[in-house]
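What follows is calculated from the coordinates using simple rules that are stated; it is not laboratory data. Since the model is a prediction, treat every value here as computed from it, not as a measurement. Every residue, glycine among them, receives a Cβ derived from its backbone with ideal geometry; neighbour counts consider all protein chains shown.
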Amino acid sequence: MRLFILAAPIAAVAACATPSERISDALVSYGLAPAQAQCVGDQLQRNLSLGQLQELGRLARTYREQDPNPSQLGTDDLIRVAGQVRDIRVPLEVGKAAANCGVVGSTRLGLAGAFLKV
């Protein structure tokens with residue numbers, strides 16, 4: 001009985017994903033390479049607050065629900081979603097993470113890609 005009482009909370013904690021893991025999983029489901037998604041997730045977790053990440057995630061889910069091709073989220077889409085957060089730091093950090101993790105050159109981007117590479 002005691003073993004079960006101790007094991008249940010440990011299992012619950014182990015099942016919880018970090019913000020970085022949740023971001024990475026979501027980005028992979030949008031079509032990003034796993035290594036790039038993990039890199040972006042790690043940087044966003046390190047540089048944004050939990051509240052900022054939650055708002056970004058909420059907006060990304062809404063955007064995905066309205067997207068005619070939800071399995072593909074380009075960097076331009078990600079930056080557009082980040083720009084809807086009412087905190088200027090969020091789109092800046094998303095853009096920096098995309099550029100630092102090599103996402104900018106590997107996905108469909110228009111003019112926004114040129115600005116991020118500067």
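Within a 10 angstrom radius of the beta carbon, how do TYR63, TYR30 rank from fewest other beta carbons to most?
Ascending number of Cβ neighbours within 10 Å: TYR63, TYR30.
Residue by residue, what Karplus-based ³J(HN,Hα) values in Hz, rounded to whole numbers, does region 79-87 have, using 6.51, -1.76 and 1.60 with θ = phi - 60° and x for Gly and Pro?
5, 4, 5, 4, x, 7, 6, 7, 10
Hey, what do the phi angles of region 29-37 turn into as Karplus ³J(HN,Hα) couplings, whole Hz, using 6.51/-1.76/1.60 and θ = phi - 60°, x for Gly and Pro?
Result, rounded to whole Hz: 5, 8, x, 7, 5, x, 5, 5, 4.
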